[in-house]
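The values are calculated or read from the model by the stated rules, or taken from the named source; none is laboratory data. As the structure is a prediction and not an experimental result, all values here were calculated from the model. So basically every Cβ, Gly included, is an ideal-geometry build from the backbone, and we count neighbours across all protein chains shown.
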Amino acid sequence: MLVTGRRHSFALPIAKQLGFDLWLISSNGAVTRSLGGETFHRDLMPADVCGRLCTAMQEFRGNTVLTFDQETKGAIVLERLDELGSSIRRWLEKNMEFIEFVVPIEKALVTDPVQAMFCGTMERMNRALGTLDGAGMDGKVTVLRTEYPERDLSMIDVLNAGCSKGHALERWAKHRGYRREEVMAVGDNHNDVEMLEFAGHPVIMGNACEELRGRGWTVTGGNHECGLASAVELAFGSEAVKVVG
């Protein structure tokens, strides 16, 4: 499986390059869907909860992005672009056909969203985390981080309570009849923690963040060193790598 923080449709071009049918866990565990569009599970955030979140995070309106499970304009909603920063400019350009501007952003909550995201510099998102901690949302949402210090970029994904890559992978493994001891997961960032904790064979990339490095998990090569192929080889032997390509 591919397990990603990206929206399903945004991950599809990468998934299709693999050349075989597979399922994707997307939006940090909120949606599990096949390449052909068959949905196994969705874990959406209640619109009223998201509305409370947006109100509590008033200071960060310019950093707020809402995602909805649709493939038309309005799949991504924000109020403005100016505070999102140059680090995700390419992402914005690639997704422009799906972006709708709504002011105030709460007006977009006519259906349950997949998630809310707050995106900005490391310093600003640290402040956002502090505001979120005091917003009284405990038990209502799951908060996940993805950070790229070298780009001064931090993303805070807020999803429905109990939603994560780990919960989604556990649900899929149970559906397919796999024990956790038969599952290997490979990750590199904070939002991969729950997935790696569930897997019987957790592996982290050579470029993984420091939070993952201190847990004693197996380390493979980095993103530019065929690290995933090396992890597969470690688990199954060199013949498996030849099959995967």
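The condition of being modelled with pLDDT under 95, among the β-branched types (Val, Ile, Thr) and outside the structural domain of Val31 (by TED's automatic domain parsing) holds for only one of Ile99, Ile88, that being Ile88.
Residues that are touching a strand residue (DSSP E or B) at 6+ places or on another chain (Cβ under 6 Å) and either aromatic (Phe, Trp, Tyr) or in a helix (DSSP H, G or I) (or both) within region 54-75 comprise Phe60, Asn63, listed in sequence order.
Restricted to region 1-28, and to residues there that are under 14 Å from the mean Cα position of the chain (by Cα) and polar (S, T, N, Q), the residue that is surrounded by the fewest Cβ atoms within 10 Å (Cβ to Cβ) is Ser9.
Return the residues of region 185-202 that are of a type in the set (Asp, Glu) and either part of a loop (DSSP other than H, G, I, E, B) or modelled with pLDDT under 95 (or both); say none if nothing qualifies. Once the filter is applied, which keeps residues that are of a type in the set (Asp, Glu) and either part of a loop (DSSP other than H, G, I, E, B) or modelled with pLDDT under 95 (or both), region 185-202 yields only Asp188. Is it the case that some residue within region 187-198 is under 17 Å from the mean Cα position of the chain (by Cα), surrounded by fewer than 19 Cβ atoms within 10 Å (Cβ to Cβ) and charged (D, E, K, R)? For region 187-198, residues under 17 Å from the mean Cα position of the chain (by Cα), surrounded by fewer than 19 Cβ atoms within 10 Å (Cβ to Cβ) and charged (D, E, K, R): present. Please determine, by comparing only the residues of region 110-155 that are touching a residue at least 24 places away in the same chain (Cβ under 8 Å) and over 27 Å from Ser86 (Cα atoms), which one is surrounded by the most Cβ atoms within 10 Å (Cβ to Cβ). Here the residue is Val141.
For region 76-102, which residues satisfy the criterion of being assigned to a loop (DSSP other than H, G, I, E, B) and more than 12 Å from Cys54 (Cβ to Cβ)? Correct list: Arg80, Leu81, Asp82, Glu83, Leu84, Gly85, Asn95.
Collect the residues in region 103-120 that are over 19 Å from Met45 (Cα atoms) and at pLDDT 95 or above, keeping them in residue-number order. Please lay out each step first, then the result.
Within region 103-120, the first condition is being over 19 Å from Met45 (Cα atoms), and the residues that meet it are 103, 120.
Listed by number, the list holds a single entry, Val103.
Checking each residue in region 188-236 for being free of Cβ contacts under 8 Å to residues at least 40 places away in the same chain and small (Gly, Ala, Ser) picks out Ala199, Gly200, Gly206, Ala208, Gly214, Gly216, Gly221, Gly222, Ala229, Ser230. Only one of the numbered conditions (1) β-branched (Val, Ile, Thr); (2) surrounded by 17 or more Cβ atoms within 10 Å (Cβ to Cβ); (3) modelled with pLDDT under 90 is violated by Val243, and that is (2).
Out of all the residues in region 160-184, which are of a type outside the set (Gly, Ala, Ser), surrounded by 18 or more Cβ atoms within 10 Å (Cβ to Cβ) and part of a helix (DSSP H, G or I)? Spell out how you get there, then give the answer.
Our first condition is that a residue be of a type outside the set (Gly, Ala, Ser); within region 160-184, this holds for 160, 163, 165, 167, 169-172, 174-176, 178-184.
Then keep just the ones that are surrounded by 18 or more Cβ atoms within 10 Å (Cβ to Cβ); that gives 160, 163, 165, 167, 169-170, 172, 183.
Hits for region 160-184 are Lys165, His167, Leu169, Glu170, Trp172.
Just so you know, in region 207-240 the residues that are β-branched (Val, Ile, Thr) and not in a strand (DSSP E or B) include one that is nearest to Arg151 (Cα to Cα), and it is Thr220. Take the residues of region 36-48 that are modelled with pLDDT of 95 or more and surrounded by fewer than 19 Cβ atoms within 10 Å (Cβ to Cβ): which is farthest from the chain's Cα centre (by Cα)? The residue in question is Asp48.
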